Amino acid sequence: MTGSVTGSEPGAAVGRRIGIGLMYGLWKPRVLGAWRVPAAGPVVLAVNHSHNIDGPMVMGTAPRPVHFLIKREAFVGPLDPFLRGIGQLKVDRTTADRAAITDALGVLERGGVLGIFPEGTRGEGDFASLRAGLAYFAVRSGAPIVPVAVLGSAERRGRAIPGLPPLRSRVDVVFGDPFEAGDGSGRRTRAALDAATTRIQGRLAAHLADAKRLTGRSNDET
């Protein structure tokens, strides 16, 4: 599949409709602050990641179609053409994946929404460890970052399907205020990106704490 199709807006729009049907059909998403996502123009959604449904949950609850950077290991068998068809982007996390970088920047250049798990992999979902990729995309494109906290996806295991949250359980998705990653200079040096990453980490951690207070979830729940 060519780069022109990868990350296509029509594909992501289809993915959003699928996400809406699945997420609202299987669980009870409670969405807060979706109005904070700019209605037009490039945006980067920075999402915490504690469960495999976090990406589909954001796809189904965000007010705009989202193109997620997803690890290449997920693109296996029939999932490969499916994920590509709904506008998702494959990335090799073991190297500087130039094709993925080009595709992601292309999404932003076309005024689309790029979704990133800045922790790099599924973990505690607390934004404790960030990779520099998020800062690079935001500074390079000038797109604002909107922090997104998904809470409740890894809280309990379901009885019907142990690998998923209990069916019809509540999952909170909290969108934060958009902010600029850079210092206004437009510099993309290693030092500038490191400084931007530090700023981003502080904003994301603060949003996660606010989201937990807002939703009534205790500090040790994600």
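The values are calculated or read from the model by the stated rules, or taken from the named source; none is laboratory data. As the structure is a computational prediction, the values presented were derived from the model and not from experiment. Don't worry about glycine lacking a Cβ; one is built from the backbone with ideal geometry, like all the others, and counts go over all protein chains shown.
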State yes or no: is residue 83 more than 25 Å from residue 169 (Cα to Cα), in contact with a Phe, Trp or Tyr (Cβ under 8 Å, 6 or more places away or on another chain), modelled with pLDDT under 95 and not aromatic (Phe, Trp, Tyr)? no
Would you mind telling me which numbered condition in (1) surrounded by fewer than 16 Cβ atoms within 10 Å (Cβ to Cβ); (2) in a loop (DSSP other than H, G, I, E, B); (3) without any contact (Cβ under 8 Å) to a residue 60 or more places away in the chain residue 206 fails? (2)
Scanning the stretch 173-222 for residues that are charged (D, E, K, R) and in contact with a Phe, Trp or Tyr (Cβ under 8 Å, 6 or more places away or on another chain), the one farthest from residue 148 (Cα to Cα) turns out to be 188
Look at residue 181 and say whether it is crowded, with 16+ Cβ neighbours inside 10 Å, assigned to a loop (DSSP other than H, G, I, E, B) and touching a Leu at 6+ places or on another chain (Cβ under 9 Å). yes
Filtering the stretch 66-87 for residues that are farther than 15 Å from residue 52 by Cα and touching a strand residue (DSSP E or B) at 6+ places or on another chain (Cβ under 7 Å) leaves a count of 3
Where residue 144 falls short, out of the listed (1) over 17 Å from residue 46 (Cα atoms); (2) at pLDDT 90 or above: (1)
Across (1) modelled with pLDDT under 95; (2) in contact with a strand residue (DSSP E or B) (Cβ under 9 Å, 6 or more places away or on another chain), residue 10 clears everything bar (2)
Leading residue by the ranking (farthest from residue 15 (Cα to Cα)) among those in the stretch 52-110 that are of a type in the set (Gly, Ala, Ser) and not in a helix (DSSP H, G or I): 96
